[in-house]
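K.L.:
Below you'll find the structure I mean.
The values are calculated or read from the model by the stated rules, or taken from the named source; none is laboratory data. Quick caveat, the model's predicted, so the values are computed rather than measured. Using ideal geometry, Cβ is built from the backbone for each residue, glycine included, and neighbour counts are taken over all protein chains shown.
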Amino acid sequence: MSVPHDWIPAVDAPPGPPREHVLAGLRGTDEGPDLVQLLTPEGERIACPAYDAHVADVDTAALQALYRDMVLVRRADREATALQRQGELGLWVPLLGQEAAQIGAGRALRAGDMAFPSYREHGVAWCRGVDPTELLGIFRGTDHGGWDPVATGFHLYTIVIGNQCLNATGYAMGQRFDGRVGGPEAEATMCFFGDGATSQGDVHEGFVWAAVYDAPVVFYCQNNQWAISEPNERQTRVPLYRRAQGYGFPGIRVDGNDVLACLAVSRWALEECRSGNGPVLIEAFTYRMDAHTTSDDPSRYRLADELELWKLKDPLERVRVHLVRGLGVGNDFFDEVAADSDALAARLRAHCLAMPQPGPERIFSHVYAEPSPELDAQRDAYLAYHASFEGGAE
């Protein structure tokens with residue numbers, strides 16, 4: 001069969017989708033009229049009849065607590081980034097700009113719920129009682145995660161893109177099979193992933209199984225606009241939340257820089273799942289203000305103007321402004337939060353500097369539950385090779 005000549009691209013044709021597809025993608029992934037928002041970037045509280053009831057209990061003290069969460073999580077993130085730059089961590093995955101999306105969702109979870117993170121959910125970890133010091137071992141290479149997933153309701157970090165969607169779906173199916181859906185003690189599962197993960201097969205398989213078995217799982221996509229170096233228009237032609245329609249369950253887009261809206265939408269979605277009406281897809285429309293990881297250079301693929309635009313939507317600033325102008329909160333509170341964040345940063349640094357330096361044999365530890373002759377042989381060969389260099393045995 002011959003191929004028509006007009007199907008064959010020119011040799012010097014630029015890579016990527018046609019221009020009209022790119023433009024359609026840009027229009028399709030704009031914030032749009034369906035965005036749920038309760039607190040504007042200017043700090044103004046606006047009415048939202050569909051979701052106001054889900055945050056009716058959030059008084060001044062509760063909003064102050066949410067603000068404190070975001071400030072402390074941001075400070076821990078900035079300190080960990082500095083530690084990596086100083087050679088104390090092998091890698092760090094910044095969450096700068098996504099604090100509201102994570103704290104809002106994390107505080108919506110109940111004790112019996114289960115959360116499945118990717119590798120950036122430091123804010124959700126904070127909400128589930130995982131101390132920031134427990135995250136450092138992963139990025140220093142001393143452990144695979146220092147917390148108990150059962151006790152915290154927070155699974156270990158998942159490095160493989162999108163794989164946690166399968167794990168979360170399976171866990172949620174188990175919740176349904178065990179009769180933990182419906183009633184006052186009902187549970188739900190929440191799965192966190194980024195916009196880039198929506199192009200992975202594991203995510204779509206999770207969607208399919210969750211839909212077929214009515215699994216009580218909230219798929220929480222933090223759309224931070226960049227899948228490492230690929231923008232949204234290279235991922236989809238339609239807004240991500242609308243993909244849920246193809247699987248037969250609800251999808252909703254929320255302002256991911258609005259902690260109040262993220263809390264309200266997450267509470268609604270989790271209750272839907274606990275009541276047996278799951279699954280639900282939430283797209284938290286936010287922005288990654290820092291690099292994908294500390295090994296990434298975002299200046300190579302995105303414009304400074306874009307970053308400056310999103311700075312105006314900072315999730316912490318809108319809450320601070322509302323607390324001051326709308327609720328009359330004074331400087332004493334903000335000074336106290338700043339002091340707490342300084343103390344957390346100092347404690348995080350001291351803990352990191354006191355951690356052991358992992359030896360080269362560490363990468364072979366705890367790979368299998370049982371001893372493996374093949375792995376032992378690989379370890380011995382590698383350590384002999386390592387020791388053959390000057391100072392290699394140190």
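K.L.:
Tell me which of these Phe177 doesn't satisfy, since it passes every other one: (1) surrounded by fewer than 17 Cβ atoms within 10 Å (Cβ to Cβ); (2) within 20 Å of Glu272 (Cα to Cα); (3) in contact with an Asp or Glu (Cβ under 6 Å, 6 or more places away or on another chain).
P.N.:
With (1) surrounded by fewer than 17 Cβ atoms within 10 Å (Cβ to Cβ); (2) within 20 Å of Glu272 (Cα to Cα); (3) in contact with an Asp or Glu (Cβ under 6 Å, 6 or more places away or on another chain) applied to Phe177, the lone miss is (3).
K.L.:
Let me ask another. Give the residues of segment 362-387 that are part of a loop (DSSP other than H, G, I, E, B) and touching a helix residue (DSSP H, G or I) at 6+ places or on another chain (Cβ under 8 Å), sorted by residue number. So that I can check it myself, show each step before the final result.
P.N.:
Going residue by residue through segment 362-387, those that are part of a loop (DSSP other than H, G, I, E, B) are 365-372.
Val367, Tyr368 - these are the residues of segment 362-387 that are part of a loop (DSSP other than H, G, I, E, B) and touching a helix residue (DSSP H, G or I) at 6+ places or on another chain (Cβ under 8 Å).
K.L.:
Could you list, in sequence order, all residues of segment 351-388 that are at pLDDT below 90 and within 30 Å of Leu83 (Cβ to Cβ)?
P.N.:
Within segment 351-388, Pro356, Gln357, Pro358, Gly359, Pro360, Glu361, Arg362, Ile363, Phe364, Ser365, His366, Val367 meet the criteria.
K.L.:
Next question, about the same structure. Identify the single condition in (1) outside any helix (DSSP H, G or I); (2) closer than 21 Å to Gly194 by Cβ; (3) touching a Ser or Thr at 6+ places or on another chain (Cβ under 6 Å) that Gly129 does not satisfy, given that it satisfies every other one.
P.N.:
Status for Gly129: all satisfied but (2).
K.L.:
Out of the residues in segment 188-233 meeting the condition of being in contact with a Pro (Cβ under 7 Å, 6 or more places away or on another chain) and not hydrophobic (A, V, I, L, M, F, W, C), tell me which one is modelled with the highest pLDDT.
P.N.:
Thr189
K.L.:
Only one of these conditions is not met by Leu136: (1) within 28 Å of Asp214 (Cβ to Cβ); (2) out of contact with any Lys or Arg (no Cβ under 6 Å at 6 or more places or on another chain). Which number is it?
P.N.:
With (1) within 28 Å of Asp214 (Cβ to Cβ); (2) out of contact with any Lys or Arg (no Cβ under 6 Å at 6 or more places or on another chain) applied to Leu136, the lone miss is (1).
K.L.:
Here's something else I'd like to know. Hey, does segment 191-198 have a residue that's assigned to a helix (DSSP H, G or I), without any contact (Cβ under 8 Å) to a residue 40 or more places away in the chain, touching an Asp or Glu at 6+ places or on another chain (Cβ under 8 Å) and not basic (Lys, Arg)? Before the answer, list the steps.
P.N.:
Here is the first cut: in segment 191-198, the ones assigned to a helix (DSSP H, G or I) are 195-198.
Add one more test, that the residue is without any contact (Cβ under 8 Å) to a residue 40 or more places away in the chain, and what stays is 196.
Right, trim to touching an Asp or Glu at 6+ places or on another chain (Cβ under 8 Å) and you get 196.
Retained after the next criterion (residues that are not basic (Lys, Arg)): 196.
Looking for residues that are assigned to a helix (DSSP H, G or I), without any contact (Cβ under 8 Å) to a residue 40 or more places away in the chain, touching an Asp or Glu at 6+ places or on another chain (Cβ under 8 Å) and not basic (Lys, Arg), one finds at least one in segment 191-198, hence yes.
K.L.:
Also, quick follow-up: Using the structure shown, decide if Ala168 is touching a residue at least 24 places away in the same chain (Cβ under 8 Å), small (Gly, Ala, Ser) and in the same structural domain as Val71 (by TED's automatic domain parsing). Even if it seems obvious, please write down each step before you answer.
P.N.:
Details: touching a residue at least 24 places away in the same chain (Cβ under 8 Å): yes; small (Gly, Ala, Ser): yes; in the same structural domain as Val71 (by TED's automatic domain parsing): yes.
Yes, satisfied.
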